[in-house]
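Quick notes on the structure that follows.
Please treat every number below as a calculation from the coordinates, not as lab data. Worth saying up front: this structure is predicted, and the values here are computed from it rather than measured. As a convention, Cβ positions derive from the backbone with ideal geometry for all residues, glycine included, and neighbour counts pool all protein chains shown.
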Amino acid sequence: MIAQVLMLGLVAGILGGMFGIGGGAIMVPVMVLAFGIDQKMATGTSLLAQLLPVGMLGIGVYYKEGNLDWRKGMLLAAGLLVGNLLGAVLANQPWISPQAMRKGYGVLLLLVGARYLWL
């Protein structure tokens with residue numbers, strides 16, 4: 001299982017660096033569907049994994065290539081800070097089941113995917 005988790009992190013990191021999708025879009029579904037981890041546990045674990053390394057090295061590359069908007073990035077970070085806290089509090093309410101979270105996440109991924117395919 002250690003090798004599988006390391007490989008998942010590697011693949012999620014590559015895709016996150018390429019597309020800016022955030023490793024959670026890859027890691028959470030794999031942890032739930034392939035590793036059998038509860039949705040809430042997978043979400044928390046994904047957040048922990050992304051706490052420090054996400055973007056640290058990628059930022060340098062994108063900055064060097066002139067593909068970084070500091071102002072928008074910092075505004076997004078401020079929204080993420082508050083939004084992540086609110087989302088975590090909401091997701092961990094006893095009346096929200098892991099199954100409901102999994103289905104909601106699936107709908108979100110379908111909508112985003114459909115929007116990208118039919119621009």
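The angle separating the long axis of helix 70-91 from the principal Cα axis of greatest extent in the chain is about 10 degrees. A Förster radius of 30 Å, combined with the Cβ-Cβ distance separating residue 7 from residue 118, puts the computed FRET efficiency at roughly 0.40.
A straight Cα-to-Cα reach below 27 Å connects residue 40 with the lysines 103, residues fewer than 8 places away in its own chain not being considered.
Ranked by the mean number of other Cβ atoms within 10 Å of their residues, highest first, the peptides 100-113, 67-80, 26-39 come out as 26-39, 100-113, 67-80. Within the range 2-117, the proportion of Cα pairs with more than 21 Å between them is 44 percent. Between residue 108 and residue 81, the modelled label-to-label distance comes to 2.1 nm, taking each label 7 Å out from Cα in the direction of the beta carbon.
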